[in-house]
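Asks: Starting off with a structure, shown below.
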Amino acid sequence: MAQDVLCEVDNCVHWSQGNKCEAERIYVVSHREQAERTEETDCKTFKPH
C-alpha cells in the first residue's frame, strides 16, 4: 500500500503542506466500466474547505 498519497488540490480539507493527502481513505471512481485513461477517473474523496 502506498505510504504517501500526493495531491495538488490545495482547496481540499484533506490537503496538507508538501501536497500530501491526509484523508484516512481515498475513494476513486471510473466513468466507464473499465478505465483505460487517467481522464476516465475521479477522486471522490475531495471536499472543499
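The values are calculated or read from the model by the stated rules, or taken from the named source; none is laboratory data. Here the structure is a predicted model, which is why all the values come from computation and not from measurement. Every residue, glycine as well, gets a Cβ built from its backbone with ideal geometry; the counts of neighbours run over all protein chains shown.
Asks: I need the full set of residues from segment 9-43 which are surrounded by fewer than 10 Cβ atoms within 10 Å (Cβ to Cβ), part of a loop (DSSP other than H, G, I, E, B) and at pLDDT below 95, in order please.
Replies: E24, R25, R32, E33, Q34, E36, R37
Asks: Now a separate question. Please specify each residue of the chain satisfying the condition of being touching a helix residue (DSSP H, G or I) at 6+ places or on another chain (Cβ under 9 Å) and aliphatic (A, V, I, L, M).
Replies: Across the chain, there are no qualifying residues.
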